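Rule-based calculations on the coordinates, nothing more; no lab input. Remember, predicted model here, so these are calculated numbers, not experimental data. Every residue, glycine as well, gets a Cβ built from its backbone with ideal geometry; the counts of neighbours run over all protein chains shown.
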Amino acid sequence: MRVSVVQMNPGHDKAQNLAQARCLIADAHAADGARLLSLPEMWTCLGGDRASKFAAAEELPTPGGEAQGGEAYEFLRGVARERRVYVHGGSIAERAGEKLFNTTLLFAPDGREIARYRKIHLFDIVTPDGTGYCESDTFAGGDEVVTCEVDGMRVGCAICYDIRFPELFLALRRAGAELILLPAAFTRETGKDHWLPLLRARAIETQCWFAAAATWGRHSEAGGEPRFTYGHSLVCDPWGHVVAMASDGTGWASARIDPALTARVRRDMPVLDHRRLA
């Protein structure tokens, strides 16, 4: 199965972000013909103030139904149907009372929603340059481990800051995951040191493929304060090799997911059978 991770430079203008996603998806699919297309974290609204985040957020229809969703939801479902591919919607803001959820959606080629995951670990930190982030001011955390099936392959869901918590990825592996989708808006400060080592480590530990679509470049927070995300969207194999990576700027990276390699790595080094703790 071929997968493309799409790298965007979103801001807090939802209409512009949708237009950017539409163009990049069209170009990536025309060039590489992937069976699975993946977008980054918060691609519909990155930055801005609390009001702009709530304005861009959507109430999601009941999973498994045919009820009409919001603009981004219907865009993702429409791309899946039109191109007859699986579409992983990175993550969007899901409206849920006084707070939002940072929520991943995955659609089958017939437009059915087959996975919905709410980010468990919230990004409340101070980066080395002194910039503070407090995702929990606006978002609530999820509490479910989520997998689904894509063309016979078990796929697990995680989002950005989740990558620092290996217990989630062990749970995904135990749930049968062979490929893990990790959309991100990694800060430039943390990304330059930790993005690649963390992804390779989680891939090696779980013996899973990783497809990590990321945002790149400058956006503005409330009051116009500039923020930068790292990009470097990539696909990593179960041995920890990076087999495709996007350069700086918007674009994409594509690779073939090979289940035979996964089986061989797990056969020759059966780490899950050898675990003694946790």
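Just wondering, is there one or more residues in the stretch 218-228 that are buried (at least 19 other Cβ atoms within 10 Å of the Cβ) and in contact with a Leu (Cβ under 9 Å, 6 or more places away or on another chain)? Steps first, please.
So the first thing to find is which residues in the stretch 218-228 are buried (at least 19 other Cβ atoms within 10 Å of the Cβ), and the list is 219.
Add one more test, that the residue is in contact with a Leu (Cβ under 9 Å, 6 or more places away or on another chain), and what stays is 219.
Within the stretch 218-228, one or more residues are buried (at least 19 other Cβ atoms within 10 Å of the Cβ) and in contact with a Leu (Cβ under 9 Å, 6 or more places away or on another chain).
Inside the stretch 142-194, residues that are under 16 Å from the mean Cα position of the chain (by Cα), assigned to a loop (DSSP other than H, G, I, E, B), touching a residue at least 60 places away in the same chain (Cβ under 8 Å) and farther than 16 Å from Tyr117 by Cα make up a count of 2.
Taken over the stretch 198-214, residues that are in contact with a Phe, Trp or Tyr (Cβ under 7 Å, 6 or more places away or on another chain) and either under 19 Å from Gln20 (Cβ atoms) or of a type in the set (Ser, Thr, Tyr) (or both) amount to 2. Just one of (1) closer than 17 Å to Cys236 by Cβ; (2) out of contact with any His (no Cβ under 8 Å at 6 or more places or on another chain); (3) not aromatic (Phe, Trp, Tyr) fails for Asp129. It is (1).
Here are some residues: Ser220, Ser247. Which one is outside any loop (DSSP other than H, G, I, E, B), in contact with a His (Cβ under 9 Å, 6 or more places away or on another chain) and of a type in the set (S, T, N, Q)?
Values: Ser247 fails: outside any loop (DSSP other than H, G, I, E, B).
Of Ser220, Ser247, the one residue that is outside any loop (DSSP other than H, G, I, E, B), in contact with a His (Cβ under 9 Å, 6 or more places away or on another chain) and of a type in the set (S, T, N, Q) is Ser220.
When you look at Gln16, is it closer than 30 Å to Asp237 by Cβ and either assigned to a helix (DSSP H, G or I) or of a type in the set (Phe, Trp, Tyr) (or both), yes or no? No.
Evaluate the following for Gly224: is it on the phi > 0 side of the Ramachandran plot and either free of Cβ contacts under 8 Å to residues at least 12 places away in the same chain or of a type in the set (Ser, Thr, Tyr) (or both)?
On the way: on the phi > 0 side of the Ramachandran plot: yes; either free of Cβ contacts under 8 Å to residues at least 12 places away in the same chain or of a type in the set (Ser, Thr, Tyr) (or both): yes.
Judged against the criteria, Gly224 is a match.
Looking only at the stretch 159-187, count how many residues are small (Gly, Ala, Ser) and in contact with a Lys or Arg (Cβ under 8 Å, 6 or more places away or on another chain).
Kept after step one, since they are small (Gly, Ala, Ser), are these residues of the stretch 159-187: 171, 175-177, 184-185.
Subsequent filtering for residues that are in contact with a Lys or Arg (Cβ under 8 Å, 6 or more places away or on another chain) retains 175-177.
Count: 3.
Determine whether the stretch 120-130 contains at least one residue that is buried (at least 24 other Cβ atoms within 10 Å of the Cβ) and either in contact (Cβ under 8 Å) with a residue 24 or more places away in the chain or of a type in the set (A, V, I, L, M) (or both). No, the stretch 120-130 contains no residue that is buried (at least 24 other Cβ atoms within 10 Å of the Cβ) and either in contact (Cβ under 8 Å) with a residue 24 or more places away in the chain or of a type in the set (A, V, I, L, M) (or both). Of all the residues in the stretch 85-119, those that are in contact with a helix residue (DSSP H, G or I) (Cβ under 8 Å, 6 or more places away or on another chain) and hydrophobic (A, V, I, L, M, F, W, C) number 8.
Can you name the residue in the stretch 54-107 that is of a type in the set (Gly, Ala, Ser) and touching a Ser or Thr at 6+ places or on another chain (Cβ under 6 Å) and is also nearest to Pro40 (Cα to Cα) among such residues? Ranking the qualifying residues of the stretch 54-107, first place goes to Ser91. Restricting Ala21, Ala34, Ala30 to those that are without any contact (Cβ under 8 Å) to a residue 24 or more places away in the chain and either part of a loop (DSSP other than H, G, I, E, B) or on the phi < 0 side of the Ramachandran plot (or both) reduces the list to Ala30. For the stretch 1-53, filtered to residues that are touching a Ser or Thr at 6+ places or on another chain (Cβ under 8 Å) and of a type in the set (D, E, K, R), the residue that is surrounded by the most Cβ atoms within 10 Å (Cβ to Cβ) is Glu41.
Please work out which residue is farthest from Cys134 (Cα to Cα), limiting yourself to the stretch 65-123 and to residues that are of a type in the set (Asp, Glu) and part of a loop (DSSP other than H, G, I, E, B).
Within the stretch 65-123, the subset of a type in the set (Asp, Glu) is 66, 71, 74, 82, 94, 98, 110, 113.
Next, from what is left, pick out any that are part of a loop (DSSP other than H, G, I, E, B): 66, 98, 110.
Working: Glu66: 35, Glu98: 16, Asp110: 37 Å.
Checking each candidate, the answer is Asp110.
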